[in-house]
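The values are calculated or read from the model by the stated rules, or taken from the named source; none is laboratory data. Small disclaimer: the values here were computed from a predicted structure and weren't measured. Here the Cβ positions follow ideal geometry from the backbone for every residue, glycine too, while neighbour counts run over all protein chains shown. Side chains are part of the model used for accessible areas, which takes the heavy atoms of the whole protein and leaves out ligands, DNA and RNA. Shrake-Rupley method; radii C 1.70, N 1.55, O 1.52, S 1.80 Å.
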Amino acid sequence: MADKKPTLLVVEDDEGLQAQLKWAYDDFEVVIAGDRDSAIAALRSEAPAVVTLDLGLPPDPDGTSEGFAVLDAIMALKPDTKVIVASGHGARESALQAIERGAYDFYQKPVDIDALGLIVRRAFSLHQIEDENRRLVAHASEDKTVLGRLITGAPEMVKVARTIERVANTSVSVMLLGASGTGKELLAQGLHDASNRSEKPFVAINCAAIPENLLESELFGHEKGAFTGAVKTTEGKIESANGGTLFLDEVGDIPLPLQVKLLRFLQERTIERIGGRKTISVDTRIVCATHQDLESMIGAGTFREDLFYRLAEIIVRIPGLEERHGDAVLLGKVFLKRFSTEMNPTVTGFAPDALAAIDAHDWPGNVRELENRVKRAVIMADGKLVNADDLDFGDSEEESADVLNLKAAREQSDRRVIRHALARSEGNISTTAKLLGISRPTLYDLLKQYDLHA
């Protein structure tokens, strides 16, 4: 059975033009509507990806009220539809207003069939890209989730997750080692959720974010009157996590005197609150993390060796995002879906140049940097697809400063401009060549020379 032709809805009351357009687009399943009611009925029954719309429809063939009513109805019923509106001579203002109300593009009357055909085919191509983006994002978290909530497709991270799953139901202390932004707290939460302590509390504390003079109270609690301002007895985080898991992030920032007290808890499984004399038994599992080199700190005398071995019964090293091949694009799509829903619903996916830029970047700030860049891009994007410029990578000043050779500098500039033009045209070669003011053969040569892909 042959593949079904894509459906094109033509909303046009001129019977002669109806016939001309139907004949011109024999590679589409063309559905004709001559007024608002038939257009809405066809939209509901056929769900076309692309619509061409004449704004002058009966009973207002010389105005735009009916056409705008149809456009508004399409945007309300099926906002992903690509609507291309007709603009008569002198009616450019109406066309621009239509774009503001959600139309994809406009064409001039009298109709140039070839020019309109280019716009229609580009609209179908973009709709297909956006639809694929939505499909990939919708299934990304289902297909690539490990430890309940960690999204990854990289073997390096799957191995980390499997290690954590194996130790989850034991009582050993686990140390997570990795750079900032690699997801240490998410992994600690995943360990807790996979353990037999999952019904009890998971408590997290960032040791670097709390002043030294308050950290002891945060961890061990205090009795009423233990110090100025201690107006009531307060449980510490260790006690709050009783039966569950305590995640100590940036454990390397715990001062030496407090390390002694933490070591005593790990040895005896009891605590004393500040100002208290009663020993309290606590069954809390410790999971800790740091981006620091604790072995160097041990050598320098700033971290206790005996505490290290108590905390690091199992060490799990977390790879940076640069080492997790494919995860940057996968996570980028998940973040885009989340932030577009919250902040800019018109954004539906990434342009090809944005995906290439995400994949090529080395992500020194890891997942946190990726999340922040995608959030900014979604907010700043003008169109439905985030492009590389929206991600604000730029050409780093360091890179530009290193390029003293004029030929290399020219190549950098050419790559940037070509990628931008490809993004603007959604990968259409003819439109890209027109934007750049060059011929198609020249563009093909440049794409081959710079190893770029439409």
State which residue is farthest from Ala241 (Cα to Cα) when the search covers only the stretch 150-199 and only residues that are touching a Pro at 6+ places or on another chain (Cβ under 9 Å) and among the aliphatic types (A, V, I, L, M). Ala154
Number of the condition not met by Arg317 [criteria: (1) open to solvent by 10 Å² or more (accessible area, probe 1.4 Å); (2) out of contact with any strand residue (DSSP E or B) (no Cβ under 6 Å at 6 or more places or on another chain); (3) basic (Lys, Arg); (4) closer than 30 Å to Ala289 by Cα]: (2)
Pick from Arg338, Arg310: which is of a type in the set (Lys, Arg), open to solvent by 80 Å² or more (accessible area, probe 1.4 Å) and free of Cβ contacts under 8 Å to residues at least 12 places away in the same chain? Arg338
In the set Val160, Val85, Val137, Val120, the lone residue that is β-branched (Val, Ile, Thr), at pLDDT 85 or above and touching a helix residue (DSSP H, G or I) at 6+ places or on another chain (Cβ under 6 Å) is Val85
In the stretch 272-307, anything surrounded by 13 or more Cβ atoms within 10 Å (Cβ to Cβ) and basic (Lys, Arg) is listed as Arg273, Arg285, Arg304
Just one of the numbered conditions (1) under 30 Å from Lys159 (Cβ atoms); (2) open to solvent by 20 Å² or more (accessible area, probe 1.4 Å) is not true of Thr346; which one? (1)
Of the residues Arg410, Arg415, which is surrounded by 13 or more Cβ atoms within 10 Å (Cβ to Cβ) and either closer than 24 Å to Glu130 by Cα or at pLDDT below 80 (or both)? Arg415
Looking at the stretch 262-271, is at least one residue in a loop (DSSP other than H, G, I, E, B) and surrounded by fewer than 19 Cβ atoms within 10 Å (Cβ to Cβ)? yes
I'm trying to understand the selection: among the residues of the stretch 227-251, which are touching a Leu at 6+ places or on another chain (Cβ under 6 Å) and outside any loop (DSSP other than H, G, I, E, B)? Lys237, Ile238
How many residues are under 34 Å from the mean Cα position of the chain (by Cα) and either in a helix (DSSP H, G or I) or touching a residue at least 60 places away in the same chain (Cβ under 8 Å) (or both) when one looks only at the stretch 80-115? 7
Pro255 fails exactly one of (1) touching a helix residue (DSSP H, G or I) at 6+ places or on another chain (Cβ under 6 Å); (2) under 19 Å from Gln189 (Cβ atoms), namely (2)
Among the residues of the stretch 272-295, count how many are outside any loop (DSSP other than H, G, I, E, B) and of a type outside the set (A, V, I, L, M, F, W, C). 4
For a quick check of your reading of the model, give me the residue pairs whose first member lies in the stretch 344-358 and is at negative phi, whose second is open to solvent by 10 Å² or more (accessible area, probe 1.4 Å) and among the charged types (D, E, K, R), with beta-carbon atoms closer than 6 Å and at least 6 apart or on different chains. Thr346/Lys384; Thr348/Lys384; Asp353/Arg419
For the stretch 37-82, enumerate the residues that are under 21 Å from Ala95 (Cβ atoms) and β-branched (Val, Ile, Thr). Val50, Val51, Thr52, Thr64, Val70, Ile74, Thr81
Would you confirm whether or not the stretch 56-78 contains a residue that is within 24 Å of Ser430 (Cα to Cα) and either without any contact (Cβ under 8 Å) to a residue 40 or more places away in the chain or under 39 Å from the mean Cα position of the chain (by Cα) (or both)? no
Applying the selection to the stretch 55-84, what residues are over 21 Å from Val347 (Cβ atoms) and touching an Asp or Glu at 6+ places or on another chain (Cβ under 8 Å)? Leu55, Gly56, Leu57, Pro58, Pro59, Asp60, Pro61, Glu66, Gly67
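Any idea which of Asp13, Asp35, Asp27 is farther than 23 Å from His127 by Cβ, in contact (Cβ under 8 Å) with a residue 12 or more places away in the chain, open to solvent by 50 Å² or more (accessible area, probe 1.4 Å) and under 42 Å from the mean Cα position of the chain (by Cα)? Quick ask: steps written out before the conclusion?
Details: Asp13 fails: under 42 Å from the mean Cα position of the chain (by Cα); Asp27 fails: farther than 23 Å from His127 by Cβ.
Answer to the check: Asp35.
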Selection over the stretch 200-226 where residues are assigned to a loop (DSSP other than H, G, I, E, B) and at pLDDT 95 or above yields a count of 2
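Take Gly252 and decide whether it is farther than 30 Å from Leu355 by Cβ and touching a Phe, Trp or Tyr at 6+ places or on another chain (Cβ under 7 Å).
yes
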